[in-house]
Amino acid sequence: MVRTRFSPSPTGMLHLGNARAALFSALYSTKESGIFILRIEDTDQVRSEHKYTEMLQEDLHWLGVNWQEGPGVGGPYQPYWQSQRHEIYAHYYQELEKKGLAYPCFCTDQELAFNRKIQLSRGQAPRYPGTCLKLSVEEIARRIAEGATPALRFHVPEKKIIEFVDLVKGLQKFNSSDIGDFIIRRAQGTASFMFSNAIDDSLMHVTHAIRGEDHLANTPRQLMILQALNLPTPQYGHLSLIISDDASKLSKREGSFSLNDLHQEGYLPAAVTNYLSRLSHTYEQLHLMTFEELATNFKIEKLSRAPARFDKHQLLHWQKEAVMALDTAATLAWLGDEILEKVPGDQRDLFAEVMRKNILFPDEAQIWADVFFRNEPQLTHEQVDILKEAGEAFFIEAQASVKKHGTDMKTVCDELKTKLNISGKKLFMPLRIALTGEQNGPELVHIASLLGVDKMMSHFHQAEKLSRKD
């Protein structure tokens with residue numbers, strides 16, 4: 001059975017890169033009728049915060065990414081919080097030490113930094129020089145008795161080629177001599193990411209570990225750990241980076257924002273999933289798809305090795321598609337109570353339908369709710385000039401036509417067109433500005449229906465006064 005996972009560290013908000021890894025993992029497990037696991041990697045006691053754990057779960061649920069094992073649902077390999085798995089890790093530390101494949105390291109941060117500086121000055125790639133590798137049992141005991149708390153390092157064999165076939169990038173080869181012995185347990189006793197992530201993937205029987213390519217260099221280290229312990233290894237797939245138009249790291253303005261940011265701005269989950277699922281992955285289908293449809297058509301072999309460029313216009317395209325796919329009830333829920341409080345109950349369905357066709361975000365509906373139900377139009381000098389160009393007679397005729405035909409805006413426009421011998425922008429723009437104070441927006445027939453006869457008459461009367469030449 002296919003088993004995938006998402007294993008975030010709760011040290012901050014869930015951003016697009018991590019959200020895409022979670023989404024692809026969930027899509028693949030769904031496609032294969034497998035299991036998607038959420039595991040919280042909270043071994044960094046300094047930076048991990050409970051609020052971020054809660055928020056990332058809320059963000060995933062909002063996105064429609066649900067897990068079959070993990071926090072809140074349990075599972076056969078719990079606990080799914082790494083902070084609660086210390087005894088498990090301790091067992092495997094002992095196994096490595098018995099085999100002579102791990103040893104205590106007393107080097108300070110200052111000593112390690114000094115060694116790195118020397119290596120770089122010699123044009124060498126920084127790697128641990130093995131300072132503590134040959135400490136005697138007696139020396140180790142003496143230092144511990146004196147109060148030193150060592151880290152634990154994995155002893156990397158020399159001149160070993162580590163090979164694996166990456167699900168995205170194909171065959172990968174690393175030389176162990178370029179890696180150096182690395183920490184698997186911190187001095188304060190907590191497991192390093194390198195160790196706990198590998199052990200948990202294996203013990204939880206993860207078959208496919210899909211993650212960002214920034215983890216590619218970790219993979220040979222994790223494979224060596226698992227092979228040394230005779231534990232099964234997952235297949236790894238490393239997703240290409242998401243970059244800006246100039247191939248640089250994303251800034252917040254360009255897309256390095258969190259799912260929570262998108263949620264608060266009014267993006268719909270369907271818009272985000274349809275956008276993210278096409279970043280480094282190709283679908284033949286070009287229409288908006290449900291999560292199930294995205295999963296059915298997801299193919300690992302369609303994942304691209306090339307960096308994915310963040311495109312705000314594409315994200316907005318999928319937002320428009322997602323908004324247009326909403327039904328009336330879903331549109332009302334999306335708009336929210338604060339906006340709907342301004343809308344009379346008998347006009348809410350119409351308001352929702354009109355907004356669905358004309359906006360991308362709820363904040364825009366706030367403006368239109370004020371236009372239709374609260375405020376007199378506030379016009380700019382440019383807009384007043386357009387009313388003056390139309391002339392006083394235009395609005396006198398408009399009022400007469402509304403008295404006769406009510407909110408039947410098509411008939412009103414046809415009558416004005418005939419009587420005043422005008423059409424196109426010269427006909428529609430003065431009407432739109434007079435009724436809403438806006439030069440773009442919903443169709444005039446919908447504007448009339450939402451305003452009603454009394455407000456239309458009031459707005460046209462005000463426009464008549466403004467249109468008088470000085």
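The values are calculated or read from the model by the stated rules, or taken from the named source; none is laboratory data. Everything numeric here is computed off the predicted structure, so don't read it as measured data. Here Cβ is always computed from backbone atoms with ideal geometry, including for glycine, and neighbour counts include all displayed protein chains. Surface accessibility is based on the protein's heavy atoms, side chains included, excluding ligands, DNA and RNA. Shrake-Rupley method; radii C 1.70, N 1.55, O 1.52, S 1.80 Å.
Taken over the range 151-173, the criterion of being part of a strand (DSSP E or B) and either open to solvent by less than 50 Å² (accessible area, probe 1.4 Å) or of a type in the set (Ser, Thr, Tyr) (or both) is satisfied by ALA151, LEU152, ARG153, PHE154, ILE162, PHE164, ASP166, GLY170, GLN172. Listed by first and then second residue, the pairs with beta-carbon distance under 7 Å, at least 6 apart or on different chains, first residue in the range 28-57 and under 14 Å from LEU14 (Cα atoms), second open to solvent by 30 Å² or more (accessible area, probe 1.4 Å) and of a type in the set (Phe, Trp, Tyr), are ILE40/TRP81; GLU41/PHE193. When each of LEU466, LEU450, LEU420 is tested for being in contact with a Phe, Trp or Tyr (Cβ under 7 Å, 6 or more places away or on another chain), more than 26 Å from PHE351 (Cα to Cα) and surrounded by 14 or more Cβ atoms within 10 Å (Cβ to Cβ), the lone residue that passes is LEU420.
Consider PHE361 carefully, then state whether it is touching a Pro at 6+ places or on another chain (Cβ under 9 Å) and modelled with pLDDT of 95 or more. No; evaluated as a whole, the condition is false for this residue. Every condition in (1) free of Cβ contacts under 8 Å to residues at least 60 places away in the same chain; (2) closer than 30 Å to LEU262 by Cβ holds for PRO76 except the one numbered (2).
When LYS99 is tested against the conditions (1) among the basic types (Lys, Arg); (2) at pLDDT 95 or above; (3) within 30 Å of SER258 (Cα to Cα); (4) surrounded by fewer than 16 Cβ atoms within 10 Å (Cβ to Cβ), the lone failure is (3). In the range 221-237, the residues that are closer than 19 Å to ILE300 by Cβ and in contact (Cβ under 8 Å) with a residue 12 or more places away in the chain form Cβ pairs under 9 Å with partners that are open to solvent by less than 10 Å² (accessible area, probe 1.4 Å) and of a type in the set (Asp, Glu), at six or more places apart or across chains, as follows: THR233/ASP201; PRO234/ASP201; GLN235/ASP166; TYR236/ASP166; GLY237/ASP166. Taking the range 232-260 as the range and being at pLDDT 75 or above and in a helix (DSSP H, G or I) as the test, the residues that pass are LEU259, ASN260. Taken together, the residues in the range 296-319 that are part of a strand (DSSP E or B) and loosely packed, with under 15 Cβ neighbours inside 10 Å amount to 0. Among the residues of the range 5-34, those that are more than 27 Å from ALA90 (Cβ to Cβ) and not in a helix (DSSP H, G or I) comprise GLY12, MET13, LEU14, HIS15, GLU32, SER33, GLY34.
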